[in-house]
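Computed from the coordinates by the stated procedures, all read-outs in this text should not be read as laboratory data. Just so it is clear, the structure is predicted and the values come from calculations on it, not from any experiment. Here the Cβ positions follow ideal geometry from the backbone for every residue, glycine too, while neighbour counts run over all protein chains shown.
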Ligand SMILES: N[C@@H](CCC(=O)N[C@@H](CS)C(=O)NCC(=O)O)C(=O)O
């Protein structure tokens, strides 16, 4: 690897959090540069560092990577967290996309004007659409795909912890997922990541939302 991995994003979860999780599980050390001013963002733009003028951006192996899914796939491939063959990989990617869809809904809540009704929709979709899929996949196997830890497992843990922050009892009808969480949180890197003071970010607060709005010059209606 050429130099240390550097993450460019806000000091908050957003789209970078799944990347932090995956690097942590791969036991890759990383530094972070937090975007807190419009000027920093404009500097990244004028340096040509952001292909689509968007973050997350990750410096790794001499490259400046953008697009969350592409970054996750690169890390997963590199650190053997993307299955053993093409068929494993498509299953991992399908699970992953479903998990990203759910996490995206939660991520957007602080920017939403009708958060309460959005929250209800998230809960209903989680219980009726998403969690049953993972509950079934984990009825027996330790991991989602190919009997081996993959990026989809890491995202499932991240997503279910996020759901529990909003709906503490949401896994009560999903014992296989609950047992899976128990196993995953015993992995030493994950256990450390869940301790206070790690690089894991807290739930978004007003400062985080305000910073994003200022950096991107967003005005809510
Ligand atoms: N498809 C991109 C979307 C990235 C994205 O929407 N990033 C936001 C911050 S979380 C951004 O940079 N927005 C500024 C803009 O789109 O102009 C990804 O998944 O990385």
Distance between modelled label sites at residue 142 and residue 124, nm, 7 Å Cα→Cβ extension: 3.9
Inter-probe distance in nm under a simple model that places probes 7 Å from Cα toward Cβ, at residue 37 and residue 217: 1.7
Estimated FRET transfer efficiency (residue 179, residue 54; beta-carbon r; R0 41 Å; 0.05): 0.65
For the chain: span of alpha carbons on each principal axis (Å, largest first): 51, 44, 32
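Restricting to Cα pairs below 8 Å that are 6+ residues apart, what does the relative contact order work out to for the chain? Please round to a whole percent.
The normalised contact order for the chain reaches 27 percent.
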Mean separation of Cα contacts under 8 Å, 6 or more apart, over the residue count of region 1-98: relative contact order %: 30
Region 95-221, relative contact order [Cα under 8 Å, separation at least 6], %: 24
Value of [θ]222 nm, deg cm²/dmol, for the chain, DSSP H segments ≥ 4, -39500 (n - 2.57) each, nearest 500: -15500 deg cm²/dmol
Separation of the residue 191 and residue 112 label points, Cα + 7 Å toward Cβ, nm: 3.6
Order by protection proxy (mean Cβ within 10 Å, highest first), peptides 42-55, 145-158, 203-216, 171-184: 145-158, 171-184, 203-216, 42-55
Per-pair calculated FRET efficiency, R0 = 30 Å: residue 84 and residue 104 via Cβ, rounded to 0.05: 0.60
Centre separation in Å (Cα based) which lies between region 106-153 and region 34-69: 29
Alpha-carbon Rg with Dmax, taken over region 17-66, Å: 11.8, 33
